[in-house]
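Below is one structure, written out as structure tokens, with a few remarks after it.
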Amino acid sequence: MSKLTLLESEERARILRERLNTYGHAYYVLDAPMVSDQEYDKLYHELVAIETEYPELIIQESPTQRVGGQILAGFEKVAHDVPMLSLGNAFNKEDLIAFDERIQKLTDKPFNYVCELKIDGLAVSLKYEAGRFVRGATRGDGTIGEEITQNLRTVKAIPLSLREPITFEVRGECYMPKDAFAKLNEDRDEKGQEIFANPRNAAAGSLRQLDSKVTAERHLSVFLYGAANFEALAVNSQSELLNKISELGLRTNPLRLESDAIEEVWAFIEDIQERRHTLPYEIDGVVIKVNDFETQEEIGYTVRAPRWAIAYKFPAEEKETILRDIEWT
Ligand SMILES: NC(=O)c1c(N)nc(OC2CCCC2)nc1O[C@@H]1CCC[C@@H]1O
């Protein structure tokens, strides 16, 4: 093929970025691949070749720019504009019913709940400015976190640019899928390295890397479930928020329930507790939230957590389950 001129290369690079971002979204956000890995790699390497020939064509949102440059000496501290709160816990059906009764006393308005899986990862905050991913941070103590933008850029499920040029902050859980966790520990064990106790620790260790090339190899993913300074989204409830951030190209968890009946919430919890081992990621419970944002504000907060939400925690997995799997001779 004859060498493309700068102008032809600029147009070709734009088309390649668009196609690669669409394919990347389908694969990493929707878990629904559109093309083969070979096809994706062919287009990716064509874009790398153009960007190598004409570096002036490189833009921050290019899929080739996910793995950062220099190795950091440390992480900057960042103050969250809006605190990243924690959650009160419920451990049985009685706690859940007591929560529902408290809510009924705190508002006269009719309300319903949104129930989400409680992903067992690391809470993160992603800032987008005019649709571009500009800053990523850990939750830290809820008020002060660590700036880990370079590492979060390597997470393929996190889009470097949104479908609309919107400015807001989105929050969610970054996690390591169970199969990536098993493979990582197998590799570390073979090299005589210390293995991670669980996927949550593995995700935390992967996000605390000063060299983002290491983070890039850890197959991390993310589920987003909250936001801050999100007036631009023009949403009035948790369910509208989840649908809107999904439309923008962000990854949300599809297994959720909307219900105004606590008995239905309980049935959902029991069903998820049954199925949790079949999920490709670890969860440690179900988060139940009053859906409407105005009603959330009416119900309010304690010093550390919302009164309008609760985490139903599954009983800790007793270690014997692993021994139980061993065929006793
Ligand atoms: N881990 C989760 O899947 C999860 C979730 N699905 N939804 C929320 O809602 C926030 C919003 C207001 C207070 C909690 N938080 C979650 O996890 C957080 C991270 C830190 C404390 C909670 O575990």
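A few remarks follow.
- Condition met for residue 181 (surrounded by fewer than 21 Cβ atoms within 10 Å (Cβ to Cβ), away from the ligand (no atom under 16 Å from the Cβ) and not in a loop (DSSP other than H, G, I, E, B)): no
- Counted residues, the range 303-316 - those being more than 19 Å from residue 82 (Cβ to Cβ) and surrounded by 13 or more Cβ atoms within 10 Å (Cβ to Cβ): 5
- The set of residues in the range 198-226 that are open to solvent by 20 Å² or more (accessible area, probe 1.4 Å) and part of a strand (DSSP E or B) contains only 225.
- Whenever a residue of the range 175-192 is free of Cβ contacts under 8 Å to residues at least 12 places away in the same chain, its partners that are acidic (Asp, Glu), lying with C-beta atoms within less than 8 angstrom and at least six residues away or across chains, give the pairs 188/194.
- Considering 167, 154, the condition of being out of contact with any strand residue (DSSP E or B) (no Cβ under 8 Å at 6 or more places or on another chain), away from the ligand (no atom under 16 Å from the Cβ) and at negative phi is satisfied by 154 alone.
- Members of the range 68-84 found to be aliphatic (A, V, I, L, M) and open to solvent by less than 70 Å² (accessible area, probe 1.4 Å), listed by number: 72, 78, 79, 82, 84
- The set of residues from the range 262-302 being away from the ligand (no atom under 13 Å from the Cβ), of a type outside the set (S, T, N, Q) and open to solvent by 70 Å² or more (accessible area, probe 1.4 Å) comprises 263, 264, 270, 274, 275, 277, 280, 294, 298.
- From the list 194, 240, the one residue that fits, being loosely packed, with under 15 Cβ neighbours inside 10 Å and among the acidic types (Asp, Glu), is 194.
- Sub-7 Å Cβ pairs linking a first residue in the range 102-127 that is away from the ligand (no atom under 16 Å from the Cβ) to a second residue that is small (Gly, Ala, Ser) and part of a strand (DSSP E or B), at least 6 apart or interchain, are 112/259, ordered by first then second residue.
- Residue within the range 87-95 that is within 16 Å of the ligand (Cβ to nearest atom), under 17 Å from residue 290 (Cα atoms), of a type outside the set (Val, Ile, Thr) and surrounded by fewer than 18 Cβ atoms within 10 Å (Cβ to Cβ) present: yes
- Screening the range 128-151 for residues that are among the polar types (S, T, N, Q) and either within 13 Å of the ligand (Cβ to nearest atom) or under 27 Å from residue 236 (Cα atoms) (or both) and picking the one that is farthest from the chain's Cα centre (by Cα) gives 143.
- Residue in the range 132-140 that is in contact with a Pro (Cβ under 9 Å, 6 or more places away or on another chain), modelled with pLDDT of 95 or more and among the polar types (S, T, N, Q) present: no
- Restricting attention to the range 244-256, the residues that are within 15 Å of the ligand (Cβ to nearest atom) and open to solvent by 30 Å² or more (accessible area, probe 1.4 Å) add up to 4.
The values are calculated or read from the model by the stated rules, or taken from the named source; none is laboratory data. Bear in mind that the values here come from a model prediction, so they are computed numbers and not experimental data. Because the Cβ atoms are built from the backbone with ideal geometry, glycine has one as well, and the counts that use them run over all protein chains shown. Surface accessibility is based on the protein's heavy atoms, side chains included, excluding ligands, DNA and RNA. Shrake-Rupley method; radii C 1.70, N 1.55, O 1.52, S 1.80 Å.
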